[in-house]
């Protein structure tokens, strides 16, 4: 889909080959460069030439198999002296709104670029806050009962934070290069605000990632400890049950054994076996092994 604003801003979302070719011809952008900006593994970077090209990622919350995971959607922005072109591989309402707002109130083209980067940084912050809130909910549930579904969701959030951190580091490099070439940008206040937003998002991603890693390690230790406790209890019960079983096995042999001729032999032997099992059970309980 192609949208134009004042013949200055060209916005493409989920573009077809025909639309890419049309914008390439009109804006004199190499078609291969437009296609590259939509590749999933495209590296975040900025190049200042006759036409400035910027490549970065936008966070997108996807729901797969009843889970939630943040994926990075590739985006490209191309700025010349007379126009700016924004290319996104998916329809993204927030970016489209920013483009439409600045398109209705034209300003310097590099200012539009900064507004887009600022909006992207705020989108990252919003997604990080969502992940943090969801993680707290999962943590409270896991304190009551460890469930595989919650563990898998935490793993999805962990992978999401890794993707977000990697993408934000790329945007930080872009902002550093923009700061080194700030003579192209008129709105220095917006440049500072964008820098702050990107650094804040990067800092949040690092903190949340470290917290989630610690949380995963903690629950891993809890699961391991629970298994050890269960194995200890089962081992203790096996030893307790082994005593009546052993005595019953001895008196099951076809041999002359003590009390074999006594009419109350069954009750005496059974009582002795269960008494010994009870004593050992009390010892295990006293030693906190049961």
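At a glance:
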quantity	calculated
Condition check for residue 177: within 13 Å of residue 46 (Cβ to Cβ) and in the same structural domain as residue 68 (by TED's automatic domain parsing)	yes
For residue 241: the one exception among (1) touching a helix residue (DSSP H, G or I) at 6+ places or on another chain (Cβ under 9 Å); (2) free of Cβ contacts under 8 Å to residues at least 40 places away in the same chain; (3) in the same structural domain as residue 68 (by TED's automatic domain parsing)	(3)
Single condition residue 93 does not satisfy, out of (1) surrounded by fewer than 16 Cβ atoms within 10 Å (Cβ to Cβ); (2) at pLDDT 80 or above; (3) within 30 Å of residue 209 (Cα to Cα)	(2)
Residues (exposed (fewer than 13 other Cβ atoms within 10 Å of the Cβ), at pLDDT below 75 and either assigned to a helix (DSSP H, G or I) or in contact with a strand residue (DSSP E or B) (Cβ under 7 Å, 6 or more places away or on another chain) (or both)) located in the range 228-257	248, 249, 250
Residue satisfying condition, being surrounded by 12 or more Cβ atoms within 10 Å (Cβ to Cβ), at pLDDT below 80 and touching a helix residue (DSSP H, G or I) at 6+ places or on another chain (Cβ under 9 Å), within set 197, 260, 265	265
Given (1) modelled with pLDDT under 75; (2) surrounded by 19 or more Cβ atoms within 10 Å (Cβ to Cβ), index of the condition residue 4 fails	(2)
Selection status of residue 125, over 17 Å from residue 44 (Cα atoms) and modelled with pLDDT under 85	no
Residues of the range 1-43 satisfying the condition of being assigned to a loop (DSSP other than H, G, I, E, B) and farther than 28 Å from residue 172 by Cα	1, 6, 7, 16, 28
Residue identified as at pLDDT 80 or above, in the same structural domain as residue 178 (by TED's automatic domain parsing), surrounded by 14 or more Cβ atoms within 10 Å (Cβ to Cβ) and over 30 Å from residue 128 (Cβ atoms) among 58, 35, 46	35
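The values are calculated or read from the model by the stated rules, or taken from the named source; none is laboratory data. For clarity, every value in this text was computed on a predicted model and none was experimentally measured. In this analysis, Cβ positions are derived from the backbone assuming ideal geometry, glycine residues included, and neighbour counts consider all displayed protein chains.
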